[in-house]
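Enquirer: Got a structure for you, questions after.
The values are calculated or read from the model by the stated rules, or taken from the named source; none is laboratory data. Since the structure is predicted, the reported quantities are computational estimates derived from the model, not experimental observations. As a convention, Cβ positions derive from the backbone with ideal geometry for all residues, glycine included, and neighbour counts pool all protein chains shown. Areas reflect the complete protein model, heavy atoms only, side chains present, ligands, DNA and RNA absent. Shrake-Rupley method; radii C 1.70, N 1.55, O 1.52, S 1.80 Å.
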Amino acid sequence: MLHFTKFAAATFAAASLMIGAASAQTVLRSSDTHPDGYPTVEAVKYFGELVKERTEGRYSVEVFHSAQLGEEKDTIEQVRSGVIDLNRVSMGPFNGLIPETTVPSLPYIFRSVDHMRKVMDGEIGEEILAAFEPHGVIGLAFYDGGARSFYNSKKPIESKEDLQGMKFRVMQSDIFVDMVNALGANATPMPYGEVYSGIETGVIDGAENNFPSYDTAKHAEVAKFYSLDEHLIVPEVLVMAKSTWDKMTPEDQAIVKQAAKDSVAKQRELWDAKEKESRAIVEASGSTITTPDKQPFIDAMGPVYEKHVTDPKLKDLVERIKAVQ
Ligand code: GTR
């Protein structure tokens, strides 16, 4: 009996130690639509390693890649309600919720990827990150999504006229619908995961995205014509549920913020390499890449700006972005 009691006590002590250790460790669940190995997925994993190291294991991050937790728009709702802790998404699907995110989502707002990086790394970027908080999410950092261009299954696009009447999938935001309409084509907003079959079955003629997405989502298999019109340079964003953030100590919050910032250089390095690699892959597999004159595309965007940039605050943001050299 004595032996049993001692044994039971020891077991109980060991069990409580384990519970103690487990409760000191919080695994933050993070969503991404892209497959494992994609630059955004790898950057969030790297961010997680930094967080784990710097919080001495109090927090770690598990990335659910390949849209395991749902399509982008749904995961935005899940992170707002605190069902998931972290999310890496494009700014596009945030447009209906956070007005400030519409500005970096405007066609041809950035002159180049370098211009975008400079703006998002500076005070304008900080201002846009801060705009997330009133909507239930904390903006942590911006990642790179390169430039997006049109691709389709029908024909090479040599000029804006070639787009007339064609049907393209866009991300779920009115800006992109109006952008496509302004170019004389038709837009169908739909989730990323439905694009492949949409093109394959002819529901849409094509879509628009950067080389890594065109390649890894296999859209290049069904849409062989890629035109480098580079109409959008929309940054990606890493956000945390405000409910998760509010449970952290100010020290841990600072660690999370800094780790996110520190993961940006890593993401850009991976991004630059992946862009080149994906372009080479799609070219080798038979995609035709054309380079239409961008000026007529740029000139057609007036109505998009007139409709979406009416608020003086957003107008000012547009002017300040343009002024960044
Ligand atoms: C990609 C972006 C994704 C997603 C996707 C889309 O470039 O990285 O987050 O927004 O585009 O078009 O849905």
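Enquirer: On the given criteria, is residue 146 in contact with a helix residue (DSSP H, G or I) (Cβ under 6 Å, 6 or more places away or on another chain), in a loop (DSSP other than H, G, I, E, B) and open to solvent by less than 30 Å² (accessible area, probe 1.4 Å)?
Expert: Against the criterion (in contact with a helix residue (DSSP H, G or I) (Cβ under 6 Å, 6 or more places away or on another chain), in a loop (DSSP other than H, G, I, E, B) and open to solvent by less than 30 Å² (accessible area, probe 1.4 Å)), residue 146 qualifies.
Enquirer: Give the residues of segment 236-247 that are of a type outside the set (Ser, Thr, Tyr), surrounded by fewer than 22 Cβ atoms within 10 Å (Cβ to Cβ) and touching a residue at least 60 places away in the same chain (Cβ under 8 Å), sorted by residue number.
Expert: Within segment 236-247, 242, 245 qualify.
Enquirer: Among the residues of segment 275-291, count how many are closer than 13 Å to residue 213 by Cα and either open to solvent by less than 40 Å² (accessible area, probe 1.4 Å) or at pLDDT below 95 (or both).
Expert: 2
Enquirer: In segment 149-171, how many residues are in a loop (DSSP other than H, G, I, E, B) and either touching a residue at least 40 places away in the same chain (Cβ under 8 Å) or within 16 Å of the ligand (Cβ to nearest atom) (or both)?
Expert: 9
Enquirer: At least 2 residues that are crowded, with 16+ Cβ neighbours inside 10 Å and within 16 Å of the ligand (Cβ to nearest atom) in each: list the helices (runs of 4 or more DSSP H) lying fully within segment 32-131 that qualify.
Expert: Here the list reads 39-54, 72-80, 113-121.
Enquirer: Being away from the ligand (no atom under 16 Å from the Cβ) and of a type in the set (S, T, N, Q) is the filter here; which residues of segment 221-269 pass it?
Expert: 227, 243, 244, 249, 253, 258
Enquirer: Within segment 295-308, is even one residue surrounded by 15 or more Cβ atoms within 10 Å (Cβ to Cβ), acidic (Asp, Glu) and either closer than 23 Å to residue 143 by Cβ or not assigned by TED's automatic domain parsing to the domain that holds residue 30 (or both)?
Expert: No, segment 295-308 contains no residue that is surrounded by 15 or more Cβ atoms within 10 Å (Cβ to Cβ), acidic (Asp, Glu) and either closer than 23 Å to residue 143 by Cβ or not assigned by TED's automatic domain parsing to the domain that holds residue 30 (or both).
Enquirer: Which one of these does residue 135 not meet: (1) buried (at least 19 other Cβ atoms within 10 Å of the Cβ); (2) in contact (Cβ under 8 Å) with a residue 24 or more places away in the chain; (3) touching a Lys or Arg at 6+ places or on another chain (Cβ under 8 Å)?
Expert: The one condition residue 135 does not meet is (1).
Enquirer: Are any residues in segment 172-189 open to solvent by 20 Å² or more (accessible area, probe 1.4 Å) and assigned to a helix (DSSP H, G or I), and if so, which ones?
Expert: 174, 177, 178, 181, 182
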